[in-house]
1. Counting C-alpha atoms alone, how compact is segment B:58-126: give Rg to one decimal and Dmax as a whole number, in angstrom.
2. When you count, for each residue, the other Cβ atoms within 10 Å and take the mean per peptide, how do B:54-61, A:22-29 rank with the highest first?
3. Net charge around B:Tyr114, counting only other residues with Cβ within less than 9 Å of its Cβ (Lys, Arg = +1; Asp, Glu = -1)?
4. How shielded is A:17-30 by partner chains, expressed as the average number of their Cβ atoms within 10 Å of its Cβ atoms?
5. Output the 0 to 90 degree angle, nearest 10, between the alpha-carbon long axis of helix B:65-81 and the longest principal axis computed from the alpha carbons of chain B.
6. Helix-only mean residue ellipticity at 222 nm, chain A, DSSP H runs n ≥ 4 weighted -39,500 (n - 2.57), per residue, nearest 500. What is it?
7. In peptide B:43-51, what is the residue-averaged number of other protein chain Cβ atoms found within 10 Å of each Cβ?
8. From the backbone phi of segment B:97-107, what are the Karplus-calculated ³J(HN,Hα) couplings (6.51 cos²θ - 1.76 cosθ + 1.60, θ = phi - 60°) in whole Hz, Gly and Pro given as x?
Amino acid sequence: MAVLGNERRCYITSTKTGGTFTWLKGEQNNSFNRSAEAIEVSDKSTDWTQFIAGKKNATASVTVFADDTSSEPQHQLLTALHKGETVYCFIGKLGGTGSQTPSEGDLFEAIVTECSDTNDFGAVATRSISLQVTGEPTHYPTIGD
Amino acid sequence: MGLFSALGNVYKAVRSALTRTGVYVGETADYPRVEIHSITESEWLDKGSLKSVSCIVECISDKRIADVIEMNAENLRRMLESQLNLDKGWKVVGVIPGQLQSLTETTDTKEILYRLLQNITIYVQR
């Protein structure tokens, strides 16, 4: 069944397997992108090209209203960018009010590749954050073997 | 994301900030007066609780245009410099004055009215 984008939020957590999910306060929108390389293995047996899947890749991006409070998750992302450290994020829906269990979405480890601030006159300051996922993201519902 | 509205809260705070002696504020037919001409709350701006409330604060005088200009300046000073006191967990993120429109109403059978309409955008967060 379709779900509103409002319900699929970006959270920061402390481990790849769970932890406490803290919503990235001020979030306006987010996107999560998965891709796989296509390696051509065509031969002369057919006129059509043939491919196998190669390396897979995932990236994420999130736009927030900028909040530099040191106790808020945005500061954690900025710190990770400055220090070259990875962060753990979850983009999706947690099950039920107050739940800390992912019901649908992706839990991943990533490096922060971009954090751009825009400060326009007469508007709330915004920040755009880009994340490069390292390793395989854990999808919910789980992907079977 | 909750089902909260900031409209009533902002209206109360603006009305309170504008109230002072020498000027009628609110529902009355006397002059000089300041009215909250209209107030509009936006949809949610993020997945949390950020909203903008746009209001038009109107100054009216039946004497002279200088009166309404001075009243408007005092309105802005009160809204920008004094804290707009919101309750129920709402906080003001920013107060942005916008477009200012001047109107002079003249009719043969009526007195001349000098009106100034000031657009103001207030960003609030809960």
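Taken together, the values in this text are just the output of simple stated rules run on the coordinates, not laboratory data. Every value quoted in this text rests on a predicted model; they were computed, and no experiment measured them. In this analysis, Cβ positions are derived from the backbone assuming ideal geometry, glycine residues included, and neighbour counts consider all displayed protein chains.
1. Calculated on Cα positions, Rg and Dmax stand at 15.4, 51 Å.
2. Numbers: B:54-61: 21.4, A:22-29: 19.4.
Going by the mean number of other Cβ atoms within 10 Å, highest first, we get B:54-61, A:22-29.
3. Its environment carries a net charge of 0.
4. 2
5. Once rounded, one gets 20 degrees.
6. -2500 deg cm²/dmol, from helical runs alone.
7. What the average comes to for B:43-51 is 6.
8. Listing the rounded values in order: x, x, 5, 10, 10, 10, 10, 10, 9, 10, 9 Hz.
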